[in-house]
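Engineer: So that we are looking at the same thing, I have put the structure below in structure tokens.
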């Protein structure tokens with residue numbers, strides 16, 4: 001897996017030294033509520049998942065690292081990669097709360113999208129986001145993602161129903 005360098009972040013492989021942080025982020029009930037109902041995590045299943053132990057070619061995971069730092073601050077997931085239809089789903093998480101709201105997530109997502117266009121030759125990337133996660137929706141909109149619909153009351157999180165917004169970004173025709 002290549003390492004992709006930006007100005008402030010780099011995307012690269014998930015390493016064994018990342019596992020404690022990834023596990024901590026995924027086992028954090030507050031952080032989990034941005035994506036799913038919280039369930040306690042199993043270390044061995046998480047390790048196999050993040051290291052792609054089964055070699056699933058329909059998904060690629062990148063650790064996000066601040067430039068010059070060996071520790072991961074988050075991750076990007078590219079999943080459901082479909083080479084025939086040239087589409088995939090994308091997701092991002094800045095797990096280290098001290099690294100949020102500094103533009104690193106935006107830069108990491110821009111690098112990942114460029115990877116989708118230039119390396120995977122995709123034409124479409126999609127994502128879903130809770131309607132209550134306005135900072136994420138603002139970021140996705142600023143990057144050109146368009147809303148494609150809302151799944152009403154799709155998730156039950158912390159005693160409340162949450163709508164899920166479906167968004168997608170299409171590669172410019174001139175880039176294809």
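All of the numbers you see were taken from the coordinates with simple rules; none came from a lab. In this text the structure is predicted, and so the values were computed from the model without any measurement. FYI the Cβ positions are ideal-geometry reconstructions off the backbone, even for glycines, and counts take in every protein chain you see.
Engineer: Out of all DSSP beta bridges with both ends in the chain, state the antiparallel percent to the nearest 5.
Structural biologist: DSSP beta bridges in the chain are roughly 90 percent antiparallel.
Engineer: Work out how much length residue 101 to residue 51 would gain on full extension: take 0.36 nm times their residue separation and subtract the Cα-Cα distance, in nm to one decimal.
Structural biologist: 15.3 nm
Engineer: Next up: Once you put a point 7 Å from the Cα of residue 126 and another 7 Å from the Cα of residue 170, both along the Cβ direction, what distance in nm separates them?
Structural biologist: 1.4
Engineer: I need to check one value: relative contact order of segment 36-135, counting alpha carbon pairs closer than 8 Å and at least 6 residues apart, in percent.
Structural biologist: Relative contact order of segment 36-135: 20 percent.
Engineer: Tell me, what is the percent relative contact order of the chain, built from C-alpha pairs under 8 Å that lie six or more residues apart?
Structural biologist: Over the chain, the number comes to 19 percent.
Engineer: Right, something else. Applying 1/(1 + (r/R0)^6) with R0 = 35 Å to the Cβ-Cβ distance of residue 84 and residue 161, what FRET efficiency is obtained, to the nearest 0.05?
Structural biologist: Computed FRET efficiency for residue 84 and residue 161 comes out at 0.50.
Engineer: To continue, here is another question. Based on other C-beta atoms within 10 Å, arrange 119, 132, 98 from fewest to most.
Structural biologist: Going from least to most buried by this count: 98, 119, 132.
Engineer: May I pose another question? Once Rh is set to the Kirkwood radius over Cα pairs, what Stokes-Einstein translational diffusion coefficient, in µm²/s, holds for segment 4-175 at a temperature of 37 °C and a viscosity of 0.692 mPa s?
Structural biologist: 196
Engineer: Can you put 123, 58 in order, fewest other beta carbons within 10 Å first?
Structural biologist: 58, 123
Engineer: Shifting gears a bit: Please order 115, 156, 75 by the number of other Cβ within 10 Å, starting at the fewest.
Structural biologist: 156, 115, 75
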